[in-house]
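Student: The structure under discussion is supplied below as C-alpha cells; questions concerning it will follow.
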Amino acid sequence: MGKSWKNAGKVANAQKKGLVFTKFAREIQVATKLGGADPAMNSRLRLAIDAAKKQAVPNDTIDRAVKKGAGLLGDSAAVEEVAYEGYGPHGVGVIVECQTDNRNRTAPEIRSVFKSHGGNIGELGSVAWMFKRVGLIEGHKVGSFDPEEEAIEAGADEVEKTEDGYSFICGFESIDSVRQALHSRGWTLTTSEPSYKATNLTELTAEQMKDVEEFLNEMDDLDDTHRVHATI
C-alpha cells in the first residue's frame, strides 16, 4: 500500500554517518518554531524530545535545539520545512519532505538524486494529486488488544503493524483528537504529524521495485530529508 517510505535501517545508517543527532535536533527546532517551546503545550515537541532521548541525544543538544527553534539564538539560520515533488524511476510519484536551514543546498541535492535515477523534480502540485493529506500517528501499547478496535475507538481510518509498534492513519483535521484518544487508551505515542497517503499506486515488477528501493534509500539518506512518500 502507499505509505511514507521508511528505510528500516534509517537510524542505524544515520548513526554511522554521524547525522542522527542533527536530524533529531532539526525536528525539535521545527516543532518548537511551530508550536512553542513548552513540551506540555506542544505535543509534537514533546514526542520529538522523547524520541531524541531514546536515541541518546545529549540533553544540551536538545536544549540548544529548543532555543534555536524559539529564536533565542542568533548564531544560525532557522530550520524550515520544505517539500519537493517529482517522478522517480518507472514513473513512481514521490513527495520528499525536508527540514533545512539552507534551501540553496537542499534543492540541488534532491534534484541530483532524482536525476541520477532517471527521474525529475516537477512543479508544485505535479504529483500531489496522487496523494491525500492525512494525519500519521505512531506508537505502541502493552498488553493484549485488537488493533482494528483501537483504531475505530480512537477515530482513525487505518492501522498497520510496524517494526516498533503500530501506525494509525486519520483525517488531517483529526490528528489531535485521535492522538488524545489513543493516549487515553494507554498508547505510548512516538509520532503525531501531518503526512501523505498514496491514492494512485504505481504498478511495478520485482526488478522495477529494486530500482525504486535503491532510489528511495538514497533519497532517505540525504542530510536534510525528513520523510519520503511514494506511490508504491
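Student: Apply the Karplus parameterisation 6.51 cos²θ - 1.76 cosθ + 1.60, with θ equal to phi minus 60°, to every residue of the stretch 29-42 and state each ³J(HN,Hα) to the nearest whole Hz, in sequence, with x for glycine and proline.
Tutor: So the Karplus estimates, Gly and Pro as x, are 4, 5, 4, 5, 4, 7, x, x, 8, 9, x, 5, 10, 10 Hz.
Student: DSSP loop (so not H, G, I, E, B), at most 16 other Cβ within 10 Å: list which trypsin sites (Lys or Arg not before Pro) in the stretch 60-142 pass both filters.
Tutor: On the way: sites: Arg64, Lys67, Lys68, Arg103, Arg105, Arg111, Lys115, Lys132, Arg133, Lys141; in loops: Lys141.
Here the trypsin sites (Lys or Arg not before Pro) that fit, given the DSSP loop and packing criteria, are Lys141.
Student: Go ahead and run the numbers for FRET between Ser112 and Asn200, Cβ-Cβ distance against an R0 of 30 Å, rounding to 0.05. Could the numbers behind the result be given before it?
Tutor: On the way: r = 26 Å, r/R0 = 0.87.
With R0 = 30 Å, the Cβ-Cβ based efficiency is 0.70.
Student: For Cys170, Cys98, which order do you get if you count the other beta carbons within 10 Å of each Cβ and list the fewest first?
Tutor: Starting with the residue having the fewest Cβ neighbours, the order is Cys98, Cys170.
Student: Give a quick list of GluC sites (Glu not before Pro) in the stretch 113-209 that DSSP marks as loop, anything other than H, G, I, E or B, with at most 14 other Cβ atoms within 10 Å.
Tutor: Here the GluC sites (Glu not before Pro) that fit, given the DSSP loop and packing criteria, are Glu123, Glu163, Glu203.
Student: Per-residue ellipticity at 222 nm for the chain, helices alone: DSSP H runs ≥ 4 residues times -39500 (n - 2.57), over residue total, nearest 500 deg cm²/dmol?
Tutor: -12500 deg cm²/dmol
Student: Also: With N residues in the stretch 151-191, what two-decimal value do you get for its Cα radius of gyration over 2.2 N^0.38 Å?
Tutor: For the stretch 151-191, the normalised Cα radius of gyration is 1.05.
Student: Output needed: percent of Cα pairs per 5 Å distance bin for the chain, bins running from 0 to the one holding the longest distance.
Tutor: It works out to 1, 7, 13, 17, 19, 18, 14, 8, 3, 1, 0, in whole percents.
Student: Still on this structure, please answer the following. For the pair Asp63 and Ser126, how long in nm is the line joining their label points, each one 7 Å along Cα→Cβ?
Tutor: Each label point lies 7 Å from its Cα, and together they span 4.5 nm.
Student: Taking 45 Å as R0, compute the FRET efficiency from the Cβ-Cβ separation of Phe145 and Asn104 and round it to 0.05.
Tutor: 0.40
Student: List the residues whose amide H sits under 5 Å from the amide H of Tyr196, counting only those 5 or more places along or on another chain, with H placed 1.01 Å from N in the peptide plane.
Tutor: Answer set, sorted by chain and number: Val134.
Student: Between Ser184 and Gln208, what length in nm is gained on full extension when 0.36 nm per residue of separation is reduced by their alpha carbon distance?
Tutor: Full-extension gain reported as 4.3 nm.
Student: Sticking with this structure for a sec: Mind scanning Lys54/Lys115; Lys33/Lys54; Lys141/Lys197; Lys53/Lys210; Lys23/Lys115; Lys23/Lys141 and naming the pairs with a C-alpha gap bigger than 29 Å?
Tutor: Too far apart for the 29 Å limit: Lys54/Lys115; Lys53/Lys210.
Throughout, read-outs are computed from the coordinates displayed, never taken from laboratory work. Worth saying up front: this structure is predicted, and the values here are computed from it rather than measured. A quick note on method: Cβ atoms are made from the backbone with ideal geometry, for glycine too, and the neighbour counts reach across all protein chains shown.
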